[in-house]
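Chemist: What follows is a single structure, and I will ask about it in a moment.
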Amino acid sequence: MGIDIEHKHKKKRIRREPVSEDVYIRLLVKLYRFLARRTDAPFNKVVLKRLFMSRINRPPLSLARIVRQMKPADRANKIAVVVGTITDDLRIFQVPKLTVCALRVTEGARARILK
């Protein structure tokens, strides 16, 4: 017979800082910590939370998905922010004019966005 383990006081661990020692990610964390604290915009809190995530939990986003999300007319002149990597997608033939901000953009995706 096993013992009954009480999970009543067990706390979930959440990240309060990134595990990565990348200097640029740490600088972004400093900036967004300040913005999350000093502004009421939920956007800053979301970006900060995403910066803490591991690489597994911030999977790459394809160019096709970004194009699809930015398709509505009201999003035409907005900036797409991706806390992660933007990858090239050969299934989409023409990439419309996009303004994106991401932690990393692959060579192919960068060439197609700038073209």
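The values are calculated or read from the model by the stated rules, or taken from the named source; none is laboratory data. Treat the numbers as computed from the prediction; the structure is a model and nothing was measured. Note that we place each Cβ from the backbone using ideal geometry, even for glycine, and neighbour counts take in every protein chain shown. The accessibility values were calculated without ligands, DNA or RNA, using every heavy atom of the protein model including side chains. Shrake-Rupley method; radii C 1.70, N 1.55, O 1.52, S 1.80 Å.
Chemist: Placing unit charges on C-beta atoms (Lys and Arg positive, Asp and Glu negative, everything else neutral), compute the dipole magnitude of the chain about its Cα centre in debye, rounded to 20. Walk me through the numbers on the way to the answer.
Modeler: Working: 28 positive and 10 negative charges, 61 e Å.
Magnitude of the dipole: close to 300 debye.
Chemist: As I understand it, the dipole of the chain uses +1 on the Cβ of Lys and Arg and -1 on the Cβ of Asp and Glu, about the Cα centre. Which of ILE14, ILE113, GLN69 lies farthest toward its positive end?
Modeler: Sorting the options by dipole projection puts first ILE14.
Chemist: Could you work out what % of the accessible surface of the chain is carbon and sulfur, using a 1.4 angstrom probe and leaving DNA, RNA and ligands out of the count?
Modeler: Values: 5490 of 9830 Å².
Carbon plus sulfur share of accessible area: 56 percent.
Chemist: Still on this structure, please answer the following. Using the heavy atoms of the protein chains and a 1.4 angstrom probe, tell me the accessible area per residue for the chain in square angstrom.
Modeler: Counting only protein heavy atoms, the per-residue value for the chain is 85 Å².
Chemist: Now, a different point. Which one, VAL46, ALA80, LEU90, projects farthest toward the positive side of the charge dipole computed for the chain from Cβ point charges (K/R +1, D/E -1)?
Modeler: Projecting each Cα onto the dipole axis, the largest value belongs to VAL46.
Chemist: Just to verify a number: FRET efficiency for THR106 and VAL46, C-beta to C-beta distance, R0 = 30 Å, to 0.05? Write down the numbers at each step before the final one.
Modeler: Working: r = 24 Å, r/R0 = 0.78.
Efficiency for this residue pair is about 0.80.
Chemist: Using the Kirkwood radius built from alpha carbon pairs, what does the Stokes-Einstein equation give as D for the stretch 8-51 at 25 °C and 0.890 mPa s, in µm² per second? Could the numbers behind the result be given before it?
Modeler: Numbers: Rh = 11.5 Å.
It comes out at roughly 214 µm²/s.
Chemist: Sticking with this structure for a sec: Return, ordered by residue number, the residues of the stretch 62-79 whose backbone nitrogen is under 12 Å from a label point located 7 Å along Cα→Cβ of ARG91.
Modeler: 62-66, 68, by backbone N distance to the label point.
Chemist: Right, here's the next one. Say each of ALA76 and ASP22 gets a label point 7 Å from the Cα, pointing the same way as Cα to Cβ; how far apart are those two points in nm?
Modeler: Roughly 3.4 nm, to one decimal.
Chemist: Which whole number in µm²/s is D for the chain by Stokes-Einstein, with the Kirkwood Rh taken over Cα pairs at 4 °C and 1.567 mPa s?
Modeler: It comes out at roughly 78 µm²/s.
Chemist: Return one number: the angle in degrees, 0 to 90 and rounded to the nearest 10, between the long axis of the Cα atoms of helix 23-38 and the longest principal axis of the Cα atoms of the chain.
Modeler: For 23-38 against the chain, the angle is about 80 degrees.
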